[in-house]
Amino acid sequence: MFERAYSLLTVKSLASDARQFSGIASTPEVDRHGDVIDPAGLEFKNPVPLLLHHDQSKPVGFATLTATPDGIVFDGALPDIAEPGAVQSRIDEAWHSIKARLLTGVSLGIRILQSVPRKGGGRTVTRAEIGELSLVTIPANAHASILTVKSLAAPPRAKDPKMKHTASEYVSALEAKRAATVARMAAIMDATVEGETTTDDAQKAEYATLSAEVKAIDGDLVNWRELAALNVTKAEPVIVPQARPLAPVAPRQVSVRPNVPPGTSFVRMACAILECKGNRFEAAEYARRWDDSTPEVALALKAAVAPGTSTDAVWAGPLVQPNISSDFLALLRPATILGKVSGFRVIPFNTKVPGQTAGGTYGWVGEQKPKAVTSLAFNTQTLGIAKAAGIVILTDELVRLSSPSAEALTRDDMVKGIAQFLDTQFTDPTVAAVAGVHPASITNGAATAVATANPRADLLNIISHFAGLNVPLSGLTVIMSPANALAMSFYAYADGSPMFPGLTVDGGNYRGINVIASNAVGGNIIAFQPSLILYADDGGVTIDASREASVQMDSAPMSPADATTVYVSLWQNNLVGLRAERYVNWLRANANAVYYLTAANYPAPSLADVPPTKSAPAAHK
């Protein structure tokens, strides 16, 4: 009995006229069944039948196999059947599916002769017989399928009609055609009626035609092989410059990431835990449905069973699991003001950081006069642990992720909710510090002034403020609303040149000042020096899920709760709660690090106020 060993269909060449293709039939990697097939132990006799979906009643061609240390490679050929019928339709269907990238996998039909068990499950097949090769839709090797998608997704290059095939290409095409013709001759002889020793007239005529074709192909092969050998003798060696020996590099694990939206792995892991009610073993099995695109989800939910090395590609290497939480965090950071600001003074949580509050006194000293003794003033700052959290309530149907849009909805809701909260807490002047709970905003207690109707004058006011306090201007960052940023981008001088080049509705850069656009600041324009802002972030987002909890469906829940508090049972209403937490904290280390303007509402200039950039020529009759 033959078993199946899946691998990828890596199309190296597609000869449309001859219906030929080549690829990899087997690799010594762990498949989804936990098995490893040793290419050196595979036995076969070329050519092997090429089937469609392992259906022995649906042969579509023949394949020539070649064993290599890296696996079994193959060259496949589908015959071109001129006579209409079921065979022609079946082969045309297979060829069109390959060309349209609908069939992207191959599967070996093998009879296992010898195998040994593997640690952690599965087996290593050391000796097996290959009976057939089949075209299949979904390969079992998830990593192989990812590579196949990437390689086949690229648009095919247009071939120059003047470009000719090489002699080696002609040899390969003729060999494949000869193998298919010989196989047809053998099929004719095997199809004789039982009890008869001769073929009928039609079979004889077809056999004679095929025999003549084989003889003609053999003659052409002699000529093309001779030409290929001559081309090799004429080839000029490529001179490679001697490179300096490189320093040894420590081995590292190389992984291939699927082409899915950022945050998908995080959301899928959360929903798998929800669907399986917190049972991580069941969640790992549930997450295997996504192995073709995000295999790291099921892997992250499994526990390592034994120690190993991170460089072992078959055993312990896969246990070096990806940090799925960082996938969500990387998506969150660019969506927040914190993710757009560069130059923060990053420190760990609960670590004392010294800061200077006052400098010494210095002056001129005359000849033989005593020099003044001065002193400095220092303090220490510490960023405690603070966390931002939010609960997203979803329906049970949405958690099941019946469509990709549900994943995007869940991911976007979590990102937007946390991003909006952090932006407001970071910039709102009314947010004061609460000990042990959250920090004050960077604008709380900072110097302020009322904005004017002249944005250029307001920027000069901000610059003068920091310069007068000896605050470095390099790296200065300004946060304003997108409306004000867009209005400023329309301002121009009398000659038509922009007054604020580099500014758009998304912010930008003006004369070295980093401008960030965010609706969280409203009518305020906040300027600060990031190097004077202490910032701590643990670099991860943690999630918890529950179906049995009862929660206050309120963005500002009552604390502490009393008898009037209304709770909603998640279990009773077929709902699930997803809680995301991020540990982050900040502190304005210098009182002069922030300065902001209020009530900024820059009017966009009218068309009459905007000078033309180019004068129109006068009309002449």
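The values are calculated or read from the model by the stated rules, or taken from the named source; none is laboratory data. These figures come from a predicted structure and were not determined experimentally. A quick note on method: Cβ atoms are made from the backbone with ideal geometry, for glycine too, and the neighbour counts reach across all protein chains shown.
Here are some notes:
- Selection from the stretch 594-606 of residues that are surrounded by fewer than 22 Cβ atoms within 10 Å (Cβ to Cβ), aliphatic (A, V, I, L, M) and in contact with a Phe, Trp or Tyr (Cβ under 6 Å, 6 or more places away or on another chain): 604
- One residue alone among 63, 67 is assigned to a strand (DSSP E or B) and more than 28 Å from residue 206 (Cα to Cα), and that residue is 67.
- Residue 567 vs. criteria surrounded by 13 or more Cβ atoms within 10 Å (Cβ to Cβ) and either at pLDDT 80 or above or out of contact with any Phe, Trp or Tyr (no Cβ under 6 Å at 6 or more places or on another chain) (or both): no
Listed here are the residues, each with its yes/no results for (1) at pLDDT 80 or above; (2) under 27 Å from residue 50 (Cα atoms); (3) surrounded by fewer than 14 Cβ atoms within 10 Å (Cβ to Cβ); (4) among the hydroxyl-bearing types (Ser, Thr, Tyr).
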position	(1), (2), (3), (4)
155	no, yes, yes, no
201	no, no, yes, no
215	yes, yes, yes, no
237	no, no, yes, no
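- Residue in the stretch 61-78 that is at pLDDT 80 or above and farther than 25 Å from residue 170 by Cα present: no
- If you go through the stretch 452-478 and pick out every residue that is in a loop (DSSP other than H, G, I, E, B) and farther than 21 Å from residue 493 by Cβ, you end up with 8.
- Yes/no for residue 401 being under 30 Å from residue 578 (Cβ atoms), at pLDDT 75 or above, surrounded by 16 or more Cβ atoms within 10 Å (Cβ to Cβ) and in the same structural domain as residue 498 (by TED's automatic domain parsing): no
- For the stretch 95-144, taking the residues that are in a strand (DSSP E or B) and of a type in the set (Lys, Arg), the one that is modelled with the lowest pLDDT is identified as 123.
- For residue 602: the one exception among (1) under 36 Å from the mean Cα position of the chain (by Cα); (2) closer than 22 Å to residue 476 by Cα: (1)
- Tally of residues being among the small types (Gly, Ala, Ser) and within 36 Å of the chain's Cα centre (by Cα) across the stretch 551-581: 4
- Matching residues, the stretch 499-509, being touching a helix residue (DSSP H, G or I) at 6+ places or on another chain (Cβ under 8 Å) and surrounded by fewer than 19 Cβ atoms within 10 Å (Cβ to Cβ): 499, 504, 505, 506, 508
- Considering the conditions (1) closer than 22 Å to residue 71 by Cβ; (2) modelled with pLDDT of 50 or more; (3) of a type in the set (Gly, Ala, Ser), residue 167 is excluded by exactly one of them, (1).
So that you can scan it fast, the table gives a plain yes or no per residue for (1) of a type outside the set (S, T, N, Q); (2) out of contact with any His (no Cβ under 6 Å at 6 or more places or on another chain); (3) at pLDDT 90 or above; (4) more than 18 Å from residue 604 (Cα to Cα):
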position: 451; (1), (2), (3), (4): yes, yes, yes, no
position: 461; (1), (2), (3), (4): no, yes, yes, yes
position: 465; (1), (2), (3), (4): yes, yes, yes, yes
position: 482; (1), (2), (3), (4): yes, yes, yes, no
position: 491; (1), (2), (3), (4): yes, yes, yes, no
position: 494; (1), (2), (3), (4): yes, yes, no, no
position: 505; (1), (2), (3), (4): yes, yes, yes, no
position: 517; (1), (2), (3), (4): yes, yes, yes, no
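- Taken over the stretch 467-482, the criterion of being surrounded by 19 or more Cβ atoms within 10 Å (Cβ to Cβ) and touching a Pro at 6+ places or on another chain (Cβ under 8 Å) is satisfied by 477 alone.
- Residue check, residue 415 closer than 21 Å to residue 523 by Cβ, at pLDDT below 95 and crowded, with 16+ Cβ neighbours inside 10 Å: no
- Residues that are surrounded by 20 or more Cβ atoms within 10 Å (Cβ to Cβ) and assigned to a helix (DSSP H, G or I), drawn from the stretch 510-525: 520, 521
- Residue 51 being under 22 Å from residue 176 (Cβ atoms), in contact (Cβ under 8 Å) with a residue 12 or more places away in the chain, in a loop (DSSP other than H, G, I, E, B) and under 35 Å from the mean Cα position of the chain (by Cα): no
- Candidate set: the stretch 364-394, residues that are among the basic types (Lys, Arg) and over 30 Å from residue 549 (Cα atoms); chosen: the one modelled with the highest pLDDT: 369
- The residues of the stretch 479-509 that are in a strand (DSSP E or B) and of a type in the set (S, T, N, Q), listed by number, are 504, 509.
- Qualifying residue in the stretch 523-545 (condition: without any contact (Cβ under 8 Å) to a residue 24 or more places away in the chain and closer than 15 Å to residue 391 by Cβ): no
- The residue that is modelled with the highest pLDDT, among those in the stretch 575-596 that are part of a loop (DSSP other than H, G, I, E, B) and touching a helix residue (DSSP H, G or I) at 6+ places or on another chain (Cβ under 7 Å), is 593.
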